[in-house]
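Read through the structure below, which is laid out as structure tokens, and then see the notes.
The values are calculated or read from the model by the stated rules, or taken from the named source; none is laboratory data. A quick note: this is a predicted structure, and the numbers were derived from the prediction, not measured. Glycine gets a Cβ as well: all are built from the backbone with ideal geometry, and neighbour counts include every protein chain shown.
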Amino acid sequence: MVKRVVVLVAVRLKMAAYKESFVAQRVYEQIREQIQTGKLPPGTRLVNRKLAVELGTSMVPVREALNRLTSEGLLEHLPGGGNFVRKLNRKEIIQLYEFRESLEIFAAREAAKNNQGYHLKDLNRICDKWAGIINKIKVAKSGQTTGAMLRRWLDDDLEFHSVIVEAADNPWLAKVAMDLKLMTLVVRNKPQMLSYEAAVTTQEDHIALVDAFSKRDADKAADVMRKHIRQGVAFILANQ
């Protein structure tokens, strides 16, 4: 009887831990999405209790989510001041993109050499999704991008570059590149960061990258990626 009770308690504790982990992941994704879409702009102070009420949960998963976002660089913790959405200055943005350029050029070269058929299929699928978003931006009033359009675009952009990193087949690159990619969310979370012209230019770069990968042309892939990253940071700096 005692053994049965111990087993039941252990099972319940395990289920509770699993549920808590699931809730923490959900809270993390919700807060990250609010940062990504600009609902929580750079410099915003995040109050644990307020977030817990808004997200319908307890303080524990909120605390875990904020700690995770801080470790990823999306938030910064100021002693005695709390957690704030990270706000990068011009120098930090340039440094971020210079480092990202080096890594993504390496990733593009390796992906050109190592990609498999399913990588190209995934990249083409994402390009098709972008074409749909571009059409929506084109027909929108004055070519304005909505928060929903931007969220879809950034989600797909994150997936596109993740596929390239996966195709490069380097686990060390995967870890660092993903952290850097997440950091770019804090400087690209305004709808004006995605004009119709910028979307078309970005799509052209993505299609050129897929073409280079399909031909296993590492030099072309590197050149396109270099141009892509530099155009991106120039646009961001011009719209800060």
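So, Gln95, is that one modelled with pLDDT of 90 or more and under 22 Å from Asp219 (Cβ atoms) or not? So Gln95 does not fit the description; no. Filtered by the rule that a residue be among the small types (Gly, Ala, Ser) and free of Cβ contacts under 8 Å to residues at least 40 places away in the same chain, region 83-128 gives Ser102, Gly117.
Considering only residues in region 188-207 that are among the hydroxyl-bearing types (Ser, Thr, Tyr) and in a helix (DSSP H, G or I), the one that is surrounded by the fewest Cβ atoms within 10 Å (Cβ to Cβ) turns out to be Thr201. Quick check, is Ala107 modelled with pLDDT of 90 or more, assigned to a helix (DSSP H, G or I) and within 25 Å of Lys175 (Cβ to Cβ)? Yes. Scan region 37-94 for residues that are over 18 Å from the mean Cα position of the chain (by Cα), surrounded by 18 or more Cβ atoms within 10 Å (Cβ to Cβ) and in a loop (DSSP other than H, G, I, E, B) and the total you get is 1. Residues in region 111-125: is at least one outside any helix (DSSP H, G or I), more than 18 Å from His228 (Cβ to Cβ) and not assigned by TED's automatic domain parsing to the domain that holds Ala199? Within region 111-125, none of the residues are outside any helix (DSSP H, G or I), more than 18 Å from His228 (Cβ to Cβ) and not assigned by TED's automatic domain parsing to the domain that holds Ala199.
Residue by residue, here is whether (1) part of a helix (DSSP H, G or I); (2) surrounded by fewer than 18 Cβ atoms within 10 Å (Cβ to Cβ); (3) in contact (Cβ under 8 Å) with a residue 24 or more places away in the chain holds:
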| site | (1), (2), (3) |
| --- | --- |
| Met183 | yes, no, yes |
| Val186 | yes, no, yes |
| Leu209 | yes, no, yes |
| Asp223 | yes, yes, no |
| Arg226 | yes, yes, yes |
| Arg230 | yes, yes, yes |
